[in-house]
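Here is the structure we will look at.
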Amino acid sequence: MRTKWYLEVLLLVAGYFAFGLARAAVDRGDPAATINALRVQRLEEVLHLAIERPLNHALLAHPAAIQVTGYFYRLSVLAVPVVLVWLHLARRSRYGRLRTVLVVMMLLDIALVWLFPEAPPRFAQPGIVDHMATHDILGGAAARVPRPGVNLLAAMPSMHVAWATWCAYAVWSAFRYRAAWLYPVLVAFVVLVTGHHYVLDVVAGVALVAVAIGLVRAGSRGSRLFRSRGSVARP
């Protein structure tokens, strides 16, 4: 039996707020988050991936680019509900599985945030400019201030990249639009230039989606196998 659309909306909205509260509840704060950020910085230097600072500083002479990337960062999460609605209306048969992938990856993220708290570059890396706070883009200045219900030290993995990757996967899976994969690439660029994430946070965000897809597929195969064995066992 399919869930009514308005119940789906209520459940998803409630789930999103519960996700935020759970992320805040597992906040282990400093010094663990800063120590982990320094570890990531050192690893990126060894791997020659430490490109956050040059990318971040490339915007300093371009105020218009700062505004565009700041607004994009804030508004990019709206792609998730848009894709969910699109799937529900146009590819109902794919909606349930793809929604489950989204839920699984968010549950995994909560565990990862607790296991590996990490301060973002704008807090932990000297020289990184918090463009959104400096220009107060969509409340960017207030977003730096610790407050109840928000975890500011949860940069690993990048959920902006994870959500964007899920959107691309959902659109590609349901409609085979290959151009959708450009979206997470753009989001990855934006989270780096704005100082919100490290390159390894981006990699972890993509990996998070891949793991969630694998778990949902494994669960689906296990469920089908269980039902088939049950039907054979009946007299």
Once you place label points 7 Å from the Cα toward the Cβ at A179 and R147, how far apart are they in nm?
3.8 nm
Tilt of helix 63-75 relative to the longest C-alpha principal axis of the chain, in degrees (0 to 90, nearest 10)?
30 degrees
Radius 14 Å from Cβ of L200, net charge of other residues (Lys, Arg +1; Asp, Glu -1)
-3
Most fluctuating residue given options L55, L208, L43, as computed from a GNM of the chain linking Cα atoms under 10 Å
L43
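For D130, what is the net charge nearby, where nearby means another residue's Cβ is under 9 Å from its Cβ and Lys, Arg count +1, Asp, Glu -1?
+2
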Through the Karplus equation 6.51 cos²θ - 1.76 cosθ + 1.60, θ set to phi - 60°, convert the phi angles of the stretch 46-62 into ³J(HN,Hα) values in whole Hz; use x for Gly and Pro.
5, 8, 6, 10, 6, 10, 4, 5, x, 5, 4, 6, 5, 8, 4, 8, 10
Cα axis of helix 92-115 to longest principal axis of the chain: angle in degrees, 0 to 90, nearest 10?
50 degrees
Using the Karplus curve 6.51 cos²θ - 1.76 cosθ + 1.60 with θ = phi - 60°, work out ³J(HN,Hα) for each residue of the stretch 211-216 in order, rounded to whole Hz, and write x for Gly and Pro.
5, 4, 4, x, 5, 5
Name the long-range amide H neighbours of E118: under 5 Å, sequence gap of 5 or more, or other chain; modelled H, no Pro or chain starts.
A154, A155, M156
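If you place +1 on the Cβ of every Lys and Arg, -1 on the Cβ of every Asp and Glu, and leave all else neutral, what size is the dipole of the chain about its Cα centre, to the nearest 20 Debye?
The calculation lands at about 1600 debye.
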Counting other Cβ atoms within 10 Å, keep those with at most 15, restrict to DSSP loop, and tell me which trypsin sites (Lys or Arg not before Pro) in the stretch 141-225 are left.
R176
Hey, got a sec? Which chymotrypsin sites (Phe, Trp or Tyr not before Pro) in the stretch 115-209 land in a DSSP loop and have at most 13 other Cβ atoms within 10 Å?
Y177
Given the rule -39500 (n - 2.57) for each run of at least 4 DSSP H residues, summed and divided by the residues of the chain, what is its mean residue ellipticity at 222 nm, to the nearest 500 deg cm²/dmol?
-23000 deg cm²/dmol
Within the stretch 1-82, which trypsin sites (Lys or Arg not before Pro) sit in a loop by DSSP and count at most 12 neighbouring Cβ atoms inside 10 Å?
R2, K4
Looking at the square roots a ≥ b ≥ c of the eigenvalues of the Cα gyration tensor of the chain, which shape do they give, rounded for a/c under 1.5, prolate if a/b is larger than b/c, or oblate?
prolate
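Read-outs throughout are calculated quantities, based only on the coordinates presented, and are distinct from any laboratory measurement. Computed from a predicted structure; not experimentally measured. Cβ atoms come from the backbone with ideal geometry, glycine included; neighbour counts cover every protein chain shown.
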